[in-house]
Amino acid sequence: MDFFALALIIALPFVAGLAAALLPSDSRTPVTWLAGLTAATCLALTFSFYPAVSSGHVVRYQIDWIPQLGLGFTLRMDGFAWVFASLVSAMALLVVIYTRYYISREDPVRRFYLLFLGFMGSMLGIVLSGNLILLVVFWELTSLFSFLLIGYWHHKQAARDGARMALTITSVGGLSLLAGILVIGHIVGSYDLDAVLASGNAIREHHLYVPALLLFLLGVLTKSAQFPFHFWLPNAMAAPTPVSAFLHSATLVKGGVFLMARLWPVLAGTPEWFTILGLAGMASFVLGAYLAMFQQDLKGLLAYSTISHLGLITLLLSLGSPLAAVAAIFHMLNHATFKASLFMAAGIIDHEAGTRDLRQLSGLFRYMPITGTLATVASAAMAGVPLLNGFLSKEMFFAEAVETHANSWVDTIAPYAAVLGSTLAVTYSIRLIHSIFLGAPPPESFPREPHEPPFWMRFPVMCLVVTCLVVGIIPGLTIGPFLRIAVTSVLGEATPAYSLAIWHGFTIAFGMSVIALVCGTMLYLVAGNYLEHTDSPPVFGRIQGQRLFERTMVAISWRWARSIEEVLGTRRLQPQVRLLVAVAIAAGAIPILSAGLDFGPVGNGIDIAFTGLWCIGMVCAVAAAYLAKFHRLAALALLGGAGLVTCVTFVWLSAPDLAATQLAVEIVTTVLILLGLRWLPKRWRTAEEPIGVSDRLRRLRDLSLAVMAGSGMTVVSLAVLTRTSPDSIADFFIENAYTEGGGRNVVNVILVDFRGFDTLGEITVLGIVALTVFALLRRFRPAPDTIERPEQQRIQQSYDEAEPDRKAGATATEYLYVPSVIMQWMFPVVIVLAAYLFLRGHDAPGGGFVAGVALAAGFILQYMAAGTVWVEDRLRILPVVWMGVGLLLAALTGVASILLGDPFLTSYFQYADVPVLGKIPLASATVFDLGVFSLVVGATVLMLIAIAHQSIRRLRAARLEEARQLEEKQQWS
Amino acid sequence: MSHAAELPVWAALLTSLLLLVGAGLTLLGAVGVLQFRSFFERVHAPTLGTSWGTGAIALASIVFFSSLGTRLVVHEVLIGVFITVTTPVTLMLLARAALHRERAEENPNVPSRAVMRRRGSAPAPEDGAGDAAGTPSS
């Protein structure tokens, strides 16, 4: 049961996300409840593991995924994962409550929750993965959801740019991480986390350690927005604030440091680890804090501060000492609480005051005292003021920075960097509070009159701030046990003794804290005014990773792509086809030339009638190809001739099934092409242009290509047909069709029973194709020379207009009087025919497919007879419903057999006694076939109607022009 | 055709006769399509095949299978019915399309539409090629 709960924690958010997407669009409250309950359930499930985890037990749940490749769907919860899973679920719960009041009525709230819950599920997946490849999969998912959430307001340019930048950088990192994981897996021989954690020495001593480390670090540093990849995070602030609070302070960016800590026992402790991570962490810590001071956007300040704090964690992890790792894990939790609360407070300010610009905001305390107090406490925690949680972990950080871990210059400057960074952190924290809440309100009023937010919007902030306080005052009683299980599960036996007390006496660390606080305050007093009015930070403002990134993107995705396209691409159809045919010839010729081609004995005797039939077919085909260039209609008619010959051939060779299907398909195809012809440009046989030598050569080459392809195909077919076929599965089908499948029509039994799964896949593809065609045609833009009505229609129109008592379209109707009556009378006949074909399908030629096509032909006949408008006034065909019902029916038939304990799509077969009709055979495959029938009807009709609608759809410009002409005419008359 | 030997002589003779008649008529129609010059003449020729050509062959089939089996086989009647219902419509459509094209090309041999529509009140029609638009069909 426990194991299922583990899988449920991950599965639940995804399921709930889909459910949220399916709710009606105006259901704000139900969606919020759904999301909140999901987060609460995940939290409760996680807590239910506490007894097991706190005793040092590791809960595992494993399903084989691709065992041959060492891939398992392994979930694993130890103390560290437990703490993080609780963090993610609890944060999600608070953010959901907050979002309820943040997201406005106009925003598509379902999409938000779909993405939000999807992200939550993937984040929990990262935390709980017990297999490194699985972890990378979830890692990529978080990047993807982060991209979609940043771009949630996709009508804003900034959101789109920020989303794209975040995706590009984190997914490059993700790829690199995958490569790193593959190398590690290669070294260890397994991707299982336990196996990897057990082989730390083997990894560190392996000659592939450095490449693996570099790839791995590229992945985690990009995710955690560490220097020099930090610039995506400030740009991601275009996201809605709940997203920033959840993703960009508490969870997503913690993914990088989480994984670093996870693999810390395996990878850490080498000089390479220390140097790279130490430098990156230190640079992010100091530079982030420095840049944060100068930000004028509230969220921008918080983003740079996040970079800085993550740099602190990275720096701690780089040191390689167990105590530093403890501090790192502790700070991860502390940072999540105070930073998320600050983001939420920023959202409240933005929401209530209408701006996030620090230069405009001032004196807000008198409008919102409670929010102001909460924000002040949270920023004090961020600055590392005593009695708050930030102080404790910072204290540990200072103590570790002073210690010497490796004898290098990086280690020597670490304490100075630590004090410098913390000083700057104090400065920007003071600036945050001072410029927003204190001082006089600005002379010009805010965009909106600010006031306190609703209680429940403040509630999550309150929870987090209370946590900051409680943890800061009585750490041992609150966070202590949780931190201990997290630390023990990461460090194992190397867990050091550490103390969470507030007061350690006058240590160097305390001195450094005091220095930072005092210097930071003084710096603000001195430079506060300057910070308030500067536009870009001096010195480091010039380092613009963003510019570099954009230039690279332009070069890769625009300039290089263009030049490659110019060199390799062509927009002309002929060279493409030529290339395709040439490759096909080569692909056929190489194996034949290398292995030879055996012919079987050619049967004697020529059936004159059959040969004659084929001669007709061949003449039709060749003539169609010849005429295709100048007379498309004639070519189409000839194509129909060739199709009919094929049809008769099937009958001749005793395949009535194929013949019937071919006939129905032929009809529908012809109609389809006919409808499409109208949109092709008219072609005239122009005077023969003078032909030069090069033209002749080109034609000769094309001709020889065509002849080679054709004759090659003929030879290969002949060879295949004359050989005796090996024993194939066909015999099995023929023998067992009746006994096993309950049908005498072997083809149909194969389709709906023996190979039912294939058919299910095929009809799914058919459905997708139909929808794609529909979607493409909706956006169809005809070529300029076919926008105008075709000549025939214009003539008809001029007839109608010439006579005052005729309505538009009367000529066409008149021409079709008699045919349309017959066509309408034929409709029931076609329906009966389709039903007949369907019902006899299992035992005699027929079946769902041909019946579906026949019914579709019946529908399209009605369209032809009376016109689109007339038919749709009277007969509502809902092709998409037909398709959906068909797919569902087919799939449910398959599922029904699972419920009865048999494999998917097992069919049942029985005789039933029906009064009046007598004994009739019943097979569950018939229901499946009904699904096929319904889908085929839907798909075919959808495509045909989509094309048919083009003729009544007029381009806007053409419509306006027509209306104008009509108006003019009326004025004159 | 292994069953042909079991056929009574009268039935065999009747079947052959009907088949020959049907096939002959259809062939005649096909020759007509080749021989006639204008479209409006040609459109009449295939009707030989679709009327009695089909009819005779269907009858032959009825006779053949009825006398082979023990009961009357009349499936072929359906073929006849459907051919009778659909072919005229097809030909009618073809003829009207041809008429439309001729008019569009302003061929002098075809009655123009505007002339036909004016009855009585307008100057007399140039020629009396047809009273209504529906005549060119079979």
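Here's the picture: a label point sits 7 Å out from the Cα of residue B:79 along the beta-carbon direction, and within region B:9-36 the residues with their amide nitrogen under 19 Å of it are B:11-30. Projecting the Cα atoms of A:833, A:780, A:67 onto the dipole axis of chain A, where Lys and Arg carry +1 and Asp and Glu carry -1 at the beta carbon, places A:780 farthest toward the positive end. Computed from the alpha carbon atoms alone, the convex hull of region A:746-973 holds 162 Å³ per residue.
What is the list of residues in region A:97-115 whose amide nitrogen lies under 17 Å from a point 7 angstrom out from the Cα of residue A:155, following Cα to Cβ? From region A:97-115, the list is A:103-112.
Spatially close Lys pairs in chain A, defined by Cα atoms under 25 Å apart and a spacing of eight or more places or different chains, total 14.
Could you please rank A:606, A:150, A:10, placing first whichever residue has the fewest other Cβ atoms within 10 Å of its Cβ?
Neighbour counts put them in this order, fewest first: A:606, A:10, A:150.
Shape summary: region A:333-401 maps onto an equivalent ellipsoid whose semi-axes, from the alpha-carbon gyration tensor, are 27, 11, 10 Å in decreasing order.
If the chain linking residue A:776 and residue A:202 were pulled fully straight, counting 0.36 nm for each residue of separation and taking away their Cα-Cα distance, it would gain 201.1 nm.
Stokes-Einstein at 20 °C, 1.002 mPa s, Kirkwood radius from Cα pairs: D for region A:318-453 in µm² s⁻¹?
It diffuses with D of about 131 µm²/s by this estimate.
Relative to the longest principal axis of the Cα atoms of chain A, the long axis of helix A:508-533 lies at roughly 70 degrees. In a reduced charge model with +1 at each Lys and Arg Cβ and -1 at each Asp and Glu Cβ, region A:701-747 shows a dipole moment near 260 debye about its Cα centre. At an R0 of 51 angstrom, the distance between the Cβ atoms of residue B:12 and residue A:111 translates into a FRET efficiency of 0.10. Counting every other Cβ atom within 10 Å of each residue's Cβ, A:506, A:119 order from fewest to most as A:506, A:119. Each label point was placed 7 Å from the Cα along the Cα-to-Cβ direction; for residue A:827 and residue A:908 their separation is 3.8 nm. Every Cα-Cα pair in region B:8-117 was counted, and those over 25 Å apart are 40% of them. Projecting the Cα positions of A:482, A:328, A:465 onto the charge dipole of region A:269-532 (unit charges on Cβ atoms of Lys, Arg, Asp and Glu, taken about the Cα centre) puts A:465 furthest along the positive direction.
The label point for residue A:678 and the one for residue A:810, both projected 7 Å from the Cα toward the Cβ, are 2.1 nm apart. Around the Cα centre of region A:746-973, unit charges on the Cβ atoms of Lys, Arg, Asp and Glu (plus for the first two, minus for the last two) sum to a dipole of about 360 debye.
Extension gain for residue A:484-residue A:969 works out to 165.8 nm (0.36 nm per residue, less the C-alpha to C-alpha distance). As an exercise, use a Förster radius of 41 Å and the Cβ-Cβ distance of residue A:727 and residue A:622 to find the FRET efficiency, rounded to the nearest 0.05. The formula returns an efficiency of 0.60 here.
When restricted to Cα atoms, chain A yields an Rg and a Dmax of 36.5, 112 Å, respectively. Relative to the longest principal axis of the Cα atoms of chain A, the long axis of helix A:632-652 lies at roughly 80 degrees.
Note on residue A:518 and residue A:387: with the Förster distance fixed at 25 Å, the Cβ-Cβ geometry gives a FRET efficiency of about 0.90. By the count of neighbouring beta-carbon atoms within 10 Å, fewest first, A:103, A:673 end up ordered A:673, A:103. For region A:269-532, the gyration tensor built on C-alpha atoms gives a prolate shape. Its axis ratio a/c (a ≥ b ≥ c) is at least 1.5, and a/b is the larger of a/b and b/c. How large is log10 I(q)/I(0) at q = 0.13 Å⁻¹ when the Debye formula is applied to the Cα atoms of region A:1-73, each weighted equally and without solvent? Calculated log10 I(q)/I(0) at the listed q: -0.54. Compared with the dominant principal axis of the Cα atoms in chain A, helix A:791-802 is inclined by about 80°. When each of the peptides B:22-32, A:298-308, A:321-331 is scored by how many other beta carbons lie within 10 Å of its residues on average, the order from highest to lowest is A:298-308, A:321-331, B:22-32. Helices in chain A, meaning DSSP H runs of at least 4 residues, each add -39500 (n - 2.57). Divided by all residues, the mean residue ellipticity at 222 nm is -24000 deg cm²/dmol. Stretching the chain fully between residue A:494 and residue A:463 yields a gain of 7.8 nm (0.36 nm per residue, less the alpha carbon separation). Approximating the spin labels as points 7 Å out from Cα along Cα→Cβ, the residue A:697-to-residue A:566 distance works out to 2.6 nm. Across the options B:39, B:59, B:72, the greatest Cα extent toward the positive end of the charge dipole of region B:8-117 (unit charges at beta carbon of Lys, Arg, Asp, Glu) belongs to B:39. Considering only GluC sites (Glu not before Pro) in DSSP loops that have at most 13 other Cβ atoms within 10 Å, the longest stretch of chain A without any of them is A:107-443. Charges were assigned to the Cβ only: +1 to each Lys and Arg, -1 to each Asp and Glu. The resulting dipole of chain A about its Cα centre is roughly 1900 debye.
Taken together, the values in this text are just the output of simple stated rules run on the coordinates, not laboratory data. What you see is a predicted model, and the numbers here were worked out from it, not measured in a lab. Backbone-built Cβ (ideal geometry, glycine too); neighbour counts: all protein chains shown.
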